[in-house]
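K.L.:
Got a structure for you, written out below as structure tokens; questions coming shortly.
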Amino acid sequence: MSQAYTGAMLMQDTSPDALPWLTWTFAALVLLQAFTRLWLLSRQVQHVQANRSAVPDSFSDRVSLLEHQKAADYSGAKARLEFVAVAVEAAVLLGWTLLGGLDLLNTSLRGWIHDPAPSASSALTYQVALLLAMGLIAGLIEIPFDLLRHFGVEQRFGFNRMSLRDYASDALKGTALNLLLMTPVLAAVLWLMGQAGDAWWLWAFGVLAGFQLLMMVVYPTWIAPMFNRFTPLQDEALAARVRRLMDRCGFAARDLLVMDGSRRSAHANAYFTGLGRAKRVVFFDTLLKSLTPDEVEAVLAHELGHFRHRHISQRLVMVMLASLAGLALLGAASQWSGFYVGLGVQPNLGAPNDGLALALFTLILPAALFLLSPLGAWWSRRQEYQADAYAAAQADPRALSSALIKLYTDNASTLTPDPWYVRFHYSHPPAVQRLAALKSPLETAR
Ligand SMILES: [Zn+2]
């Protein structure tokens, strides 16, 4: 054997038959995921179209045929754009991995930053740069679809309130902020991967969990105000009512705020943010404009239901457990050369592979997790039923029903989604089931 074969021989020795099965499994997973999503989208389009000519019976006195058809056309337009996005996303993922995109980016950045003067700091810089560059490129690829969403579909159905200038300013601010926040976190995680020994993933988990908790305070207080204006709720009567409801539910929030959501979109919403005593209730101005005080109270009672049932903490714990499992898996995979080679990347020989492993992992994770999405969606819908049942007990259930109908209509959400599309993608129950559950509270929380 000539010396030129040494590298390849080494690879063969460490993982004799890792290559083919991982490559094929991954390719099959990407295609399975993409085709499932395309199949669901086409089902959704067909189902909505088939029900376009008549408003469902239980809504016929509240929703006009015109509104129903607008919702059908809006769902169709969104689904058709997603159809193209899903196909492109799968091609891009294969481009990054098996077709060599990440490998090319890795060798270029390593050759530029690390190889000329190898040192611990150049290794760290190169790895952080690799992950940031990958994120930036992925963001750039996403821009055309994002533009089509805002200025194509949303614009056509009268929901978009942004100018191209607003969009560009949001995108630049968002990117700058991401770089500012993510760079130190990535550097800390990569440093731990290199320095903290076999249990690095426990330390890295500590860093990520700490960052997440910090963001729960930092985001509502400093970041959200960079994008929207928050003003105290002016309507004294409504504020008093909301405070009475919160007292009744044993909930303390410091601020009741109105957000100028109408600056960007006509879609309406309300939410809670913050931790401990810094909790705040945020109403979109669009929500206050379309709902009566009774309805606002009922919607808020629903949100309080999420708190009462500890849905937010449960979600946080799930995210934490999942990231712990993910980091442990990453720790094992990064040690194995077959992981890189099988997914289309040559591992580094004279530089750490942690950044590369993290990049690869971030790329393949969504495709791998997609098959679990029915489970996550089911769990979320179950929580929505629980929050509705709580709201029905604490406020007027009829007001919640009429608020939901207004929100479905104003947001042009279809009343007739495809059941399989719902199983995979709906975090909230479809309107028909949701209102039926409100009418017979004993059967909720299925
Ligand atoms: Zn909810």
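K.L.:
Identify the single condition in (1) more than 13 Å from the ligand (Cβ to nearest atom); (2) open to solvent by 50 Å² or more (accessible area, probe 1.4 Å); (3) of a type in the set (A, V, I, L, M) that residue 359 does not satisfy, given that it satisfies every other one.
P.N.:
It fails just one condition, (2).
K.L.:
Do we have any residue at all in the range 428-436 that's among the small types (Gly, Ala, Ser) and within 16 Å of the ligand (Cβ to nearest atom)?
P.N.:
Checked against the condition, which is being among the small types (Gly, Ala, Ser) and within 16 Å of the ligand (Cβ to nearest atom), the range 428-436 yields at least one hit.
K.L.:
Tally time: how many residues in the range 188-221 are open to solvent by 30 Å² or more (accessible area, probe 1.4 Å), more than 19 Å from residue 316 (Cα to Cα) and modelled with pLDDT of 90 or more?
P.N.:
Within the range 188-221, residues that are open to solvent by 30 Å² or more (accessible area, probe 1.4 Å), more than 19 Å from residue 316 (Cα to Cα) and modelled with pLDDT of 90 or more number 2.
K.L.:
For residue 248, which of the numbered conditions (1) more than 16 Å from the ligand (Cβ to nearest atom); (2) closer than 28 Å to residue 401 by Cβ; (3) surrounded by 13 or more Cβ atoms within 10 Å (Cβ to Cβ) fails to hold?
P.N.:
Condition (3) is where residue 248 drops out.
K.L.:
Exactly one of (1) touching a helix residue (DSSP H, G or I) at 6+ places or on another chain (Cβ under 8 Å); (2) open to solvent by 40 Å² or more (accessible area, probe 1.4 Å); (3) under 30 Å from residue 354 (Cα atoms) is unmet by residue 82. Its number?
P.N.:
Of everything listed in (1) touching a helix residue (DSSP H, G or I) at 6+ places or on another chain (Cβ under 8 Å); (2) open to solvent by 40 Å² or more (accessible area, probe 1.4 Å); (3) under 30 Å from residue 354 (Cα atoms), residue 82 misses just condition (3).
K.L.:
Give the residues of the range 256-271 that are within 16 Å of the ligand (Cβ to nearest atom), closer than 18 Å to residue 220 by Cα and either open to solvent by less than 20 Å² (accessible area, probe 1.4 Å) or in contact (Cβ under 8 Å) with a residue 40 or more places away in the chain (or both), sorted by residue number.
P.N.:
Initially, the range 256-271 is screened for residues within 16 Å of the ligand (Cβ to nearest atom), giving 267-271.
Next, from what is left, pick out any that are closer than 18 Å to residue 220 by Cα: 269-271.
Of everything in the range 256-271, just one residue is within 16 Å of the ligand (Cβ to nearest atom), closer than 18 Å to residue 220 by Cα and either open to solvent by less than 20 Å² (accessible area, probe 1.4 Å) or in contact (Cβ under 8 Å) with a residue 40 or more places away in the chain (or both), namely 270.
K.L.:
What do you reckon, is residue 165 surrounded by fewer than 19 Cβ atoms within 10 Å (Cβ to Cβ) and closer than 25 Å to residue 425 by Cβ?
P.N.:
In short, no.
Table: residues versus (1) under 22 Å from residue 286 (Cβ atoms); (2) of a type in the set (S, T, N, Q); (3) more than 14 Å from the ligand (Cβ to nearest atom); (4) within 19 Å of the chain's Cα centre (by Cα).
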position: 375; (1), (2), (3), (4): no, no, yes, yes
position: 379; (1), (2), (3), (4): no, no, no, yes
position: 385; (1), (2), (3), (4): no, no, no, no
position: 390; (1), (2), (3), (4): no, no, no, no
position: 403; (1), (2), (3), (4): yes, no, no, no
position: 406; (1), (2), (3), (4): yes, no, yes, no
position: 409; (1), (2), (3), (4): yes, yes, yes, no
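K.L.:
Related question: For residue 415, are the conditions met, namely being over 30 Å from residue 125 (Cβ atoms), open to solvent by less than 60 Å² (accessible area, probe 1.4 Å) and away from the ligand (no atom under 16 Å from the Cβ)?
P.N.:
yes
K.L.:
Evaluate the following for residue 121: is it among the small types (Gly, Ala, Ser) and within 25 Å of residue 263 (Cα to Cα)?
P.N.:
So residue 121 does not fit the description; no.
K.L.:
Kindly list the number of the only condition in (1) open to solvent by 30 Å² or more (accessible area, probe 1.4 Å); (2) within 25 Å of residue 165 (Cβ to Cβ); (3) assigned to a helix (DSSP H, G or I) that fails for residue 286.
P.N.:
Only one criterion in (1) open to solvent by 30 Å² or more (accessible area, probe 1.4 Å); (2) within 25 Å of residue 165 (Cβ to Cβ); (3) assigned to a helix (DSSP H, G or I) is unmet by residue 286, namely (1).
K.L.:
When you check residue 365 against the structure, is it under 25 Å from residue 136 (Cα atoms) and crowded, with 16+ Cβ neighbours inside 10 Å, yes or no?
P.N.:
So residue 365 does not fit the description; no.
K.L.:
Here is a further query. Which of the residues that make up the range 397-416 are in contact with a His (Cβ under 7 Å, 6 or more places away or on another chain) and more than 14 Å from residue 300 (Cα to Cα)?
P.N.:
Filtering the range 397-416 for residues in contact with a His (Cβ under 7 Å, 6 or more places away or on another chain) gives 400, 411, 415-416.
Residues satisfying the conditions are 411, 415, 416.
K.L.:
Inside the range 59-79, can you point out the residues that are open to solvent by 60 Å² or more (accessible area, probe 1.4 Å) and over 19 Å from the mean Cα position of the chain (by Cα)?
P.N.:
60, 61, 62, 65, 66, 67, 70
K.L.:
Turning to a different aspect of this structure: Residue 344 - would you say it is on the phi > 0 side of the Ramachandran plot, touching a residue at least 12 places away in the same chain (Cβ under 8 Å) and open to solvent by 20 Å² or more (accessible area, probe 1.4 Å)?
P.N.:
yes
K.L.:
Could you check the range 297-329 and list, in sequence order, the residues that are of a type in the set (Val, Ile, Thr), within 12 Å of the ligand (Cβ to nearest atom) and either under 30 Å from residue 360 (Cβ atoms) or modelled with pLDDT of 90 or more (or both)?
P.N.:
The answer is 299, and nothing else.
K.L.:
On the given criteria, is residue 194 closer than 30 Å to residue 120 by Cα and within 22 Å of the chain's Cα centre (by Cα)? First the steps, then the outcome.
P.N.:
Details: closer than 30 Å to residue 120 by Cα: yes; within 22 Å of the chain's Cα centre (by Cα): no.
It is false that residue 194 is closer than 30 Å to residue 120 by Cα and within 22 Å of the chain's Cα centre (by Cα).
The values are calculated or read from the model by the stated rules, or taken from the named source; none is laboratory data. Values in this document were obtained by computation on a predicted structure and should not be read as measured data. Every residue, glycine among them, receives a Cβ derived from its backbone with ideal geometry; neighbour counts consider all protein chains shown. Ligands, DNA and RNA are stripped out before the accessible areas are found, and what is left, the full protein with its side chains, is counted by its heavy atoms. Shrake-Rupley method; radii C 1.70, N 1.55, O 1.52, S 1.80 Å.
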